Amino acid sequence: MIAGQLALTVAALFTCAAVYINLAEQPARLILDDRCLLTQWKSAYKRGFAMQASLAVVGSLLGFWAWWRTGEGQWLLGAFVLLANWPYTLLVMLPTNNKLMALDSKQAGSESRRLIERWGRLHAVRSALGCAAMALFLWALLHQT
């Protein structure tokens with residue numbers, strides 16, 4: 001089933017990007033001084049938001065399509081888990097994101113560093129949601145073959 005294979009692929013892309021951010025990008029940026037840290041986070045956030053938001057939506061739509069075609073609940077659950085990144089980001093992460101985006105690089109200091117460290121912990125939930133969606137899609141795909 002092509003919809004399911006594509007859903008799994010897109011969920012894997014989302015998950016790999018999220019995990020990369022948590023395991024490579026975030027630790028690397030935390031080595032920077034406060035001003036460079038804030039500047040780098042803002043630049044990466046703008047680019048990453050568009051990519052990950054798109055992947056979450058597309059992967060979810062493909063999961064819904066696979067569920068519609070098969071009636072298998074794992075596709076539906078995986079689609080909702082992947083899509084859960086949107087409300088999580090808007091309700092939980094957005095206040096931190098907005099505070100960071102409002103700061104000028106001249107205002108960088110211990111508070112901006114603390115917020116970016118908090119952002120990294122919050123972002124780990126996105127990685128976990130991606131892993132869960134990917135596992136559900138894989139389970140659904142294997143269940144069908």
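Every read-out reported here was derived from the displayed coordinates using simple, explicitly stated rules and does not represent laboratory data. What you are looking at is a predicted structure, and each value in this text was computed from that prediction instead of being measured. Virtual Cβ from ideal backbone geometry, glycine too; neighbours counted across all protein chains shown.
Helix-derived [θ] at 222 nm for the chain: sum -39500 (n - 2.57) over DSSP H runs of at least 4, divide by residue count, nearest 500?
Estimated from H runs of four or more residues: -27500 deg cm²/dmol.
Any chance you could run the full-extension gain for Gln40 through Thr9? It's 0.36 nm times the residue separation minus the Cα-Cα distance, nm to one decimal.
8.3 nm is the gain from fully extending Gln40 to Thr9.
Simple spin-label model, 7 Å along Cα-to-Cβ: Ala24 to Val92 in nm?
For the pair Ala24/Val92, the computed spacing is 2.5 nm.
Please find the FRET efficiency linking Gln107 to Ala50, where r is the Cβ-Cβ separation and R0 is fixed at 22 Å, and quote it to the nearest 0.05.
Rounded to the nearest 0.05, the efficiency is 0.30.
Mind checking the alpha-carbon convex hull of the chain and giving the volume per residue in Å³?
83
Using +1 at the Cβ of each Lys and Arg and -1 at the Cβ of each Asp and Glu in segment 12-142, identify which of Ser60, Gln107, Gly78 lies farthest towards the dipole's positive end.
Gln107
Can you work out the FRET efficiency for the pair Asp33 and Arg121, with r the C-beta to C-beta distance and R0 = 25 Å, to the nearest 0.05?
Taking R0 as 25 Å, the efficiency between Asp33 and Arg121 is 0.75.
Can you grab the distance from the C-alpha centre of segment 108-145 to the C-alpha centre of segment 39-54, Å, no decimals?
Value for the Cα centre distance between the two parts: 15 Å.
Using alpha carbons only, what's the Rg to Rh ratio of segment 64-145 with Rh from Kirkwood?
1.21
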